[in-house]
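The values are calculated or read from the model by the stated rules, or taken from the named source; none is laboratory data. The shown structure was predicted, so the numbers you read here are calculated from the model rather than taken from an experiment. Neighbour counts run over all protein chains shown; Cβ positions are idealised from the backbone, glycine included. Accessible surface is based on the protein model in full, side chains and every heavy atom, while ligands, DNA and RNA are left aside. Shrake-Rupley method; radii C 1.70, N 1.55, O 1.52, S 1.80 Å.
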Amino acid sequence: MNVELPLLAFVLGAALATAVLRDVLGAIIAFATYSLGIAVVWVVLQAPDVGLTEAAVGAGVTTVLFLLTIAKTVRPSGERVIERLDWPALGVSVLLVGVLLTTLGALPEIGSPDTAVLTSEVTTYYLENAYSEVEVKNAVTAVLAAYRGFDTLGEAVVVYSAGVGLLVVLGKEVFA
Amino acid sequence: MAVSDLAALVVALPIFGSLVAFLAALVRSKSGWPVAVAATAAQLAVTVTLAVRAFGEGTITYVVGGFEAPYGIELVVDGLTGTMLVLIAAVSLGVLAYARRAGPRSNPFYAVFMLLVAGLTGMSVTADLFNMYVFLEITGLSAYALVASGDRGRSAVAALKYLLVGTVGASLFLLGVGYAYIDTGTLNMADLAVKLAANGYTATLTQTAFALIVVGLFIKVAVFPLHTWQPDAYAGAPDTVSGLISALVSTVAAYALLRVVFTVFGTAFLDANPFAHALLVGGAIISILLGSLLAVSQSEVKRMLAYSSVSQFGLIVAAISIGNVTALTGAAVHLVGHAIMKGGLFLTAGLVATETGARSVDEYEGLVKRSPVGAGVFGVLAVAMVGVPPTIGFAGKWYIAVGAAEAGSWTLLAVIVGSTLLTLAYFARLVERMFFREPTADLEPAVERADGALPDGGDLGGSDPGSASLGMYAAVVAAAVLAVALGFAVFGYGDVLQSTIEALLS
Amino acid sequence: MMDLLVSRDYYVATFLLLGIGTYVMIASRNLVKKVIGMNIFQTGIFLFFIAAAYVEGGNPPVLTMDAPHVSPLPHVLILTAIVVGVALTAVALGMVVRIYAEYGTLDEETLQEVRGSE
Amino acid sequence: MSESSPETIGEVRNYVESPIIMATVRIVSPFVFTFGLFIMFHGADSPGGGFQGGVIVATVMLMLGIAFGIDPLREWVGESALVAILSVGVAAFLAIGVGTVALGGGFLEYHVIETELGIYHATKYGIEAVELFIGVIVASTITGLFFAIDAGKNDGDSE
C-alpha cells in the first residue's frame, strides 16, 4: 500500500484548499477535487459501491448544486486570494483534533484481520448467508436492501424529504 | 397481520400520509390539510393500540424483514416508547387544528409536517443505533425545512443556522456510533449493551462513544452551551412550527438520550465513569440556571419561551443523571408535560399575535382586556410551567426532586427547587403585565404578517386579518385543560410505567 | 509514535478532516463555504467507518470474489450517510438562495449588519 | 399551482446556445442513460445499485439542461410529472413493505412472496424492485433539485 499516504496527503491538501481559498468558485473546485480524491480512497479501501456513489454524488451532484447556487447568487470579488487566519476557529479545531487523537491508541490497527468489526458475528453472518438467504452475490446490496431494508426505506425517505423540504424552503408547490 | 407489525407500520403510515399530501397538490392547490388531519388521526389510533398493548401485555419486539435481532433492524415498543408515540400523534393533531387558519398552507408544508411525525416516530421505536441516526436526520431535515417555511428572511437565516449546528450534532452522534461499532462490531442496542459490558466499562473506545453520543444529542436537545441554534429557530419559525418543534423535537431527542444512556451503556457504566456522570450533571445544572437567567432577560416572548425550554430540558438531563426509578418516571412525566405546556404556550403566543399583534414582553401589558382567552390560557400554562400543584408541571418536577432526594444528590435537589423560583421569575414578569397593567401600546393586529404566519402570499382564505379560528382557540384551550387534567392522572401513569423503567435500569 | 500514526493513518486523516471541516464552518464568512465545511466534516466520519471495514489484502464484499472480504456493513451505513449528506446540502443551499434573495448578501458579517436594522 | 415561464422577470440567464455542446449531448445522453439503468439493475451481483444508477440518470437530465437550457427542459419534463414520479417511487417502496405484511409476513419480508404467491427467487426480485424504486426516487428528486434551485425563490406572484 504505497499509494495510501500520498493519496491521503492529496485529499487533506484539497480540503485545506477549500479552507484557505477566499474565492468561492475556487473553494467549490477544490471541494470537487477533494471528493474525487475521497472516491479513490474508497476504492483503495475496497469499497467500490461507496466509491461509485461518492464520485456520482460528491464530485457530481453536490458540485453542480454548489455551482447553480453561486450562479443564482453572487461570487464575492475580493482583492485577497487567501482567507485571513481565524485564530478562535483554529483553536476550536485544534482542540477537537487533539482530543480525538488521544483515542488513537485505543483504535485497532487498520487492516488487521482480528478487529471487532471483521470478526463480529454480524459481519461473518452477512458474508456467509447473503447468498443462501437473499440470493444476491453482492453482500452490500444484500445488507442494504434486505437485512437493513428499514434503513434503506429511511434513506429513500431522506431523498424524498430533501425534495419536498427544498420546495418548502423556496415556497413552491412543484419543482418549478 | 399481527399487532407487532404495527411497530413498523406506525412509521410507514405518516410517510404515506406525506406522499398523499404532496400528490394532492397536483389535483388542487392547498389541499394538504385534510390529508394531514386524516393521516394523523389514523396515526393516533395506531399509536394508542400499540401503547395499550405495550402497557397491558408487555414490551413488543419486532425485527424488520423477518430476520434475527443483531442482523436485521429491531424495533421495540415498551411503555416509554408507547408514551412517546401517543404524545407525538396527539400533539401533531392539536397543532394541525391550530394550523388550519394560522398556516402555512402549501401542500409541501403538510408533506414535511408528516415527515417530521414519521422521523420522530422512527426515533422512538428503533432499537438500532444507526437506524436511530437515519431517523434523527429525517427529523432534522424536516424540522429545518419547517423553520424555513416562514416568509421572512429571518426564518431562512435561523433555519440555516439550525441546519449547520444540527448536522454537527447528528454527525457527532454518528461518530460516537462509529466508536461503539468499532469496539463491538454490532449496532443493535441490546447486543451492544452485552458486548460493551464484556469489554469493560473503562475502555477508551466505550468512553469516547458515550461522550460523543451524549454531546451530539445534547446539541439536538439544546443543552447549554450547545443550545445556540434553538432560540433563533423557535423565534424565527412560523407560530405553528414553533408550537410543533418546541413540543416534540427536543423531547424525542431527550427520549433518545435516555434510551441510549440506559439501554446501551447502563447504570453500571455511569457508576464506573465519574466523568460520564459529571457530563450529565454539569449539562443539567448549567442549562437549568443559565437557561432561566437568559429567559428573564429576553424582550421577545417567543425567545423567552425558547430559553425556558433550555432550562426545562436541564431538568430532564438531571433526571437522567440521577438514574433511579422515581427520577426517570419524572423524566417521562416531564417530557409529556413540557411538550403540552410549551407547545401550548408557543401556540398561545401565536394566537395573541394574531389577535392583537403583541409579540414582545412589553406589548403584553393589559393583554387580558384585548385577548381574554389568550391571556387566560397563557396564565394557566405559565402557572403549570412554574410547577404549581395539581398541574402536570408540578408532577414532573416532584418526581424528579424526590428521585434526587432518594439518590442523595443534594446539589441537584437544590438546583431543581431553585429552578422553580427561576421559572417563576420569568413568567411572573409576563403574568403581572398581562393581568395587572393597563395597555399602553396601540398595536395593529397581525399587521406585518409577523414571522411569516401567512406565507402564502397574503391570501387569508376569505377571513379578515386579526381573527383567530375556532381551531386555534380549541388547540390552546385543550393544552391548558390537559396541563391541569394530566396532573391528576399522572400518579396512576407512574404506576403502570414502573415495570418499563425497572426493565430499563436492570 | 510514528508507528502508531502510520498504522492508523486513515483514522488520523479522519480527525484532521473533522478539524478542517470545523474550521471552515466557523471561520468562513461566506455561507456557501460554511456548507462546504459541513460536507468535509461529514466525509471525515465516512472515512472512519470505511477504514474500520478494511482488511489487509481483502476483496470487496462481493461473494464471487475470493475471501477475505472487507466487512459490508460499514459500506451500507456510509451509502446511507452519503445520501443524507447530499440531502442536507440541497436543503441548505435552498436556504442560501433564499437568504440572498432577501438580503442581497451571503457574507455573514454584512448579513448581521443588514439584519441589525430589521 | 405555479406556472413557470421562460421569461421570468429579473432573472439572469446563464444559458448560452452552443451547437457543439448540443450535438455532443444528443449523442452521449442515450449511452449515459443506458449506463445508469445498467448500474441500477446490476447492484445484485456486482458493485452498483439504485442510488448510483439514479444519480447517473439524473446526470443525463443535467446534461440536457446545460445543452438546451433548463427552462425548455423543465417544460418538456413537466414540473408536476416530477412530483408524481417521486411520490409514486416512495409509495411503491412502502407498498412492498405493507404488501408483505398483507401476505402474512413481516414488514419488508420478501420471502413470503415466494411462499404465498409461488414466485421463485422472490427475495432477489424484491431486492431488484427496491433498487429500481430507489433509482426512480433519486433520479426524480435530483432533477427536481436542479430545477428548483435554478428557479430560485418564488416571489409569491405565481400563486
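Once backbone amide H atoms are built at 1.01 Å from N, B:SER360 has B:VAL301 as its partners under 5 Å, excluding neighbours fewer than 5 places away on the same chain.
Note on B:LEU505 and D:ILE27: their simple-model spin labels are 7.5 nm apart, each label 7 Å out from Cα toward Cβ.
For chain D, what is the relative contact order in percent, using Cα pairs closer than 8 Å and at least 6 residues apart in sequence? Answer for chain D is 29 percent. Taking every alpha-carbon pair within the stretch A:112-176, the share separated by more than 14 Å comes to 68 percent. Taking Cα atoms only, the orientation of helix C:31-53 departs from the longest principal axis of chain C by about 10 degrees.
The residues of the stretch D:19-151 have, on average, 38 Å² of accessible surface per residue, using a 1.4 Å probe with all protein chains present. Could you tell me which of C:ILE45, C:VAL35, C:ALA90 has its Cα farthest along the dipole of chain C towards the positive end, charges placed at Cβ (Lys, Arg +1; Asp, Glu -1), taken about the Cα centre? Farthest towards the positive pole: C:ALA90.
Candidate membrane-span-like segments in chain D, meaning DSSP H helices with Cα atoms spread over at least 30 Å of their own axis and a Kyte-Doolittle mean of -1.0 or above, are D:19-41, D:79-102, D:122-151, with no membrane implied.
Proximity of backbone amide H atoms, modeled 1.01 Å from N, is registered between C:ASN59 and C:HIS69, C:VAL70 at under 5 Å, excluding neighbours fewer than 5 places apart on the same chain. Expressed per residue, the C-alpha convex hull volume of the protein assembly as shown stands at 151 Å³. Tell me, Kirkwood radius of chain B from alpha-carbon pair distances, in Å? Taking every pair of different Cα atoms in chain B, averaging 1/r and inverting gives 22.5 Å.
Rounded to whole numbers, the Karplus 3J(HN,Hα) couplings from phi for the stretch B:74-87 are 9, 10, 10, 10, 10, x, 5, 4, x, 4, 4, 4, 5, 4 Hz, using 6.51 cos²θ - 1.76 cosθ + 1.60 with θ = phi - 60°, and x at Gly and Pro. Near the amide H of B:ARG152, within less than 5 Å, lie the amide hydrogens of B:GLY452, all on another chain or at least 5 residues away, with H placed in the peptide plane. What whole number of Å gives the distance from the Cα centroid of the stretch A:13-62 to the Cα centroid of the stretch D:84-159? So the two Cα centres are separated by 29 Å.
Per-residue 3J(HN,Hα) values for the stretch B:343-359, derived from phi via the Karplus relation 6.51 cos²θ - 1.76 cosθ + 1.60 with θ = phi - 60°, read x, x, 5, 5, 5, 5, 4, x, 4, 4, 5, 5, 6, 10, x, 6, 10 Hz in sequence order (x marks Gly and Pro).
Let's test the formula: R0 of 45 Å, r as the Cβ-Cβ distance of D:PHE38 and A:GLU128. What FRET efficiency results, to the nearest 0.05? Once the sixth-power term is evaluated, E becomes 0.95. Among the residues of the stretch A:82-97, which ones have their accessible area go down by 20 Å² or more when all the protein chains sit together, as opposed to their chain alone (1.4 Å probe)? So the qualifying set is A:GLU83, A:ASP86, A:ALA89, A:VAL92, A:SER93, A:LEU96, A:VAL97. Computed over protein heavy atoms with a 1.4 Å probe, the accessible surface of chain C works out to 28 Å² per residue.
So how far, in whole Å, is the C-alpha centre of the stretch C:94-111 from the one of the stretch B:93-162? Taking the Cα centre of the stretch B:93-162 as reference, the centre of the stretch C:94-111 is 23 Å away.
Evaluating 6.51 cos²θ - 1.76 cosθ + 1.60 at θ = phi - 60° for every residue in the stretch B:213-221, the Karplus couplings come out as 5, 5, 5, x, 6, 4, 5, 5, 6 Hz, glycine and proline recorded as x.
Buried area at the B:D interface is about 1500 square angstrom, summed over both chains, from accessible surfaces computed with a 1.4 angstrom probe. Buried surface between chains D and A: roughly 4100 Å² of accessible area, summed over both sides, computed with a 1.4 Å probe on protein heavy atoms only.
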